[in-house]
Amino acid sequence: MAAVHVTVWDDRDRVGGGGASTASRARVTPAAAAAPALFIHNIFTWGSDSTYGFAGQRPLADSRRLLLMDRRGYGDSPDTTRSDFDVDAEDITEVLGDGASAVGCGGAHVVAHGNGAVAALIAAARRPDLVRSLALIQPSAFTAAADHPVVADLLDRVRDGAPGIPDGVTPEQYLRASTEGLGMAMPEPTSRRLRAVATSMRERPIWEAEIPLEVIRGAALPILVICGTWERAPAAYREHVGLPLMAVAESLTDSLGGRLLRVPGYYPHTQEPAVVNAALREFWG
């Protein structure tokens, strides 16, 4: 049993049975319906969160079981002294193993966002037999695209001692600076949100991740990379975050022989959930 919390959504018994309506009546083959999908979130959030998490993907539960993992220190998972992508990757493989034992061999489809996508890539390299496909939403896999000039500039800045979080900064102050400070709306600072922010503030730096691209390439996993177009993003956010993330998306797509989907906006799965959900349905087959 995995050490982290997993929210399970499965609405298949409501489709066509007179229950509550769902967003899609798409026909799904029995084989596809038997394959669950595991979602791994980014920072400041948790699996089922409607602001930054995967609440917008709930309609996909009409055709398969959705597993939404809360990384350690987030949501309903236990606290952690320091969030770490290598530990997250181990948790992912455990959840995948639990899911495989429940539905038989073949593993699950994996959908992961931001820092969660880095952990998902590492997990897929460790246990490709448990992964049916990888859908990466704006992956923060900067070290896997270090040759791109925009990413190289970012890595040079952070590795050369870019200012960290000053002592005494509270999670609420950090959340405000990370949202309103960049021209975006700040979500309500609930205790659940602030716990997620506090965990994010002490995550292991993502630029320390070593992503085994050759192993993933050798596993021949179907890869879908989803990236925003960022034209509507605040200028500072686009320059410092959006441009590197778009470069990573392009680089990973090329490196892994995947397919790149560009979606309007800068949070594809929350701002354009219908577009992302349709792409995932098609990708899963």
The range 244-258: number of residues that are of a type in the set (D, E, K, R) and within 17 Å of the chain's Cα centre (by Cα): 1
Meets criteria (open to solvent by less than 70 Å² (accessible area, probe 1.4 Å), closer than 19 Å to Ala209 by Cβ and of a type in the set (Val, Ile, Thr)) for Val169: no
Filter result for Met184 (open to solvent by less than 70 Å² (accessible area, probe 1.4 Å) and over 20 Å from Leu243 (Cα atoms)): no
The one condition in (1) modelled with pLDDT of 95 or more; (2) more than 21 Å from Asp84 (Cα to Cα); (3) outside any loop (DSSP other than H, G, I, E, B); (4) open to solvent by less than 70 Å² (accessible area, probe 1.4 Å) that Trp230 fails to fulfil: (3)
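Conditions tested, residue by residue: (1) in a loop (DSSP other than H, G, I, E, B); (2) polar (S, T, N, Q); (3) open to solvent by 30 Å² or more (accessible area, probe 1.4 Å); (4) modelled with pLDDT of 95 or more.
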| site | (1), (2), (3), (4) |
| --- | --- |
| Val8 | no, no, yes, yes |
| Gly17 | yes, no, yes, no |
| Ala23 | yes, no, yes, no |
| Ala33 | no, no, no, no |
| Trp46 | yes, no, no, yes |
| Thr51 | yes, yes, yes, yes |
| Pro59 | no, no, yes, yes |
| Leu67 | no, no, no, yes |
| Asp79 | yes, no, yes, yes |
Pair list, Cβ under 9 Å, 6 or more apart: the range 172-194 residue without any contact (Cβ under 8 Å) to a residue 24 or more places away in the chain, other residue of a type in the set (Gly, Ala, Ser) and open to solvent by less than 60 Å² (accessible area, probe 1.4 Å): Gly181/Ala236; Met186/Ser178
Residue, surrounded by the fewest Cβ atoms within 10 Å (Cβ to Cβ), within the range 187-207, restricted to residues that are more than 18 Å from the chain's Cα centre (by Cα) and assigned to a helix (DSSP H, G or I): Ser191
Selection count where residues are over 27 Å from Val131 (Cβ atoms), in contact with a strand residue (DSSP E or B) (Cβ under 9 Å, 6 or more places away or on another chain), open to solvent by 30 Å² or more (accessible area, probe 1.4 Å) and small (Gly, Ala, Ser), scope the range 233-285: 0
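The values are calculated or read from the model by the stated rules, or taken from the named source; none is laboratory data. On a predicted model such as this, the values are computed, not experimentally measured, just so you know. Don't worry about glycine lacking a Cβ; one is built from the backbone with ideal geometry, like all the others, and counts go over all protein chains shown. Heavy atoms of the whole protein, side chains included, go into the accessibility calculation; ligands, DNA and RNA do not. Shrake-Rupley method; radii C 1.70, N 1.55, O 1.52, S 1.80 Å.
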